[in-house]
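S.K.: Before anything else, here's the structure in question.
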Amino acid sequence: MMKAKDIMTKEVVTISGSATVAEAVKLMKEKGLRALIVERRDDSDPYGMITETDIIYKVAAYGKNPKEMRVYQIMTKPCIVVNHDLGVEYVARLFANTRIRRAPVIEGKLLGVISISDILNKSDFVEKPKRIYIEDEIEAARVDARAVCEEKGATSKECAAAWDVVEELQAEAAHKRSAKV
């Protein structure tokens with residue numbers, strides 16, 4: 001399973017919470033970014049984030065002067081962070097449940113940023129979808145077993161081994177069903 005550290009963007013651009021919103025906008029334009037990570041004041045301080053949406057909804061929409069407003073006044077803090085070893089499917093679920101688009105990836109310190117674009121462009125969920133239900137695994141094992149038996153012969157060791165996999169999965173499914181009862 002791919003992990004957050006495998007697909008995250010490692011080049012992280014940060015900004016101080018005391019910087020002006022105008023400085024944040026300039027940095028976002030220069031780097032072609034939609035969000036910046038706000039630097040921590042010390043090791044116990046949580047990470048923050050400022051996004052384009054924060055700037056539009058909290059500054060531009062109210063006619064406030066971005067040269068006078070500070071990043072700390074409009075940023076999201078603490079922001080949701082992702083552990084570097086978290087599986088990509090769980091990151092996607094976290095994003096869906098919290099309605100966020102990106103999050104810092106940490107392991108004690110900031111390692112990178114993971115975004116929905118990283119999940120779409122860099123992960124392998126299209127090529128290797130995770131099977132959630134054991135019934136899906138059983139059906140896939142049946143298809144594989146039929147193919148092996150057709151290629152190697154119905155009496156081959158490979159055919160018997162392939163059907164053993166199907167039987168093991170069926171036994172596991174039966175055990176899970178009985179455990180629920």
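The values are calculated or read from the model by the stated rules, or taken from the named source; none is laboratory data. All of these numbers come straight from a predicted model, not from anything done at the bench. No Cβ is skipped: glycine too gets one built from the backbone with ideal geometry, and neighbour counts run over all protein chains shown. For accessibility, only protein heavy atoms count, side chains too; no ligands or nucleic acids. Shrake-Rupley method; radii C 1.70, N 1.55, O 1.52, S 1.80 Å.
Residue-by-condition table, conditions (1) in a helix (DSSP H, G or I); (2) modelled with pLDDT of 95 or more:
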| site | (1), (2) |
| --- | --- |
| 18 | no, yes |
| 22 | yes, yes |
| 27 | yes, yes |
| 36 | no, yes |
| 44 | no, no |
| 50 | no, yes |
| 65 | no, yes |
| 79 | no, no |
| 92 | yes, no |
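S.K.: Moving on to the next point. Restricting to segment 94-109, what's the tally of residues that are open to solvent by less than 70 Å² (accessible area, probe 1.4 Å), under 16 Å from residue 5 (Cα atoms) and not in a helix (DSSP H, G or I)?
M.R.: The number of residues fulfilling the criteria is 6.
S.K.: Restricting to segment 110-126, name every residue that is outside any loop (DSSP other than H, G, I, E, B), open to solvent by 20 Å² or more (accessible area, probe 1.4 Å) and among the β-branched types (Val, Ile, Thr).
M.R.: 113, 116
S.K.: From 57, 72, which residue is more than 30 Å from residue 126 (Cβ to Cβ), open to solvent by 50 Å² or more (accessible area, probe 1.4 Å), modelled with pLDDT of 95 or more and in contact with a Ser or Thr (Cβ under 7 Å, 6 or more places away or on another chain)? Full working, then the answer.
M.R.: Details: 57 fails: in contact with a Ser or Thr (Cβ under 7 Å, 6 or more places away or on another chain).
Step by step, each of 57, 72 is checked, and only 72 is more than 30 Å from residue 126 (Cβ to Cβ), open to solvent by 50 Å² or more (accessible area, probe 1.4 Å), modelled with pLDDT of 95 or more and in contact with a Ser or Thr (Cβ under 7 Å, 6 or more places away or on another chain).
S.K.: While we're on this one: I'm trying to understand the selection: among the residues of segment 1-50, which are hydroxyl-bearing (Ser, Thr, Tyr) and in contact with an Asp or Glu (Cβ under 8 Å, 6 or more places away or on another chain)? Working first, answer last.
M.R.: Here is the first cut: in segment 1-50, the ones hydroxyl-bearing (Ser, Thr, Tyr) are 9, 14, 16, 18, 20, 44, 47.
Matches in segment 1-50: 9, 14, 16, 20.
S.K.: Would you mind stating whether residue 63 is under 29 Å from residue 125 (Cα atoms) and surrounded by fewer than 17 Cβ atoms within 10 Å (Cβ to Cβ)? Talk me through it step by step, then tell me what you get.
M.R.: Values: under 29 Å from residue 125 (Cα atoms): no; surrounded by fewer than 17 Cβ atoms within 10 Å (Cβ to Cβ): yes.
Considered against the rule, which asks whether it is under 29 Å from residue 125 (Cα atoms) and surrounded by fewer than 17 Cβ atoms within 10 Å (Cβ to Cβ), residue 63 comes out as no.
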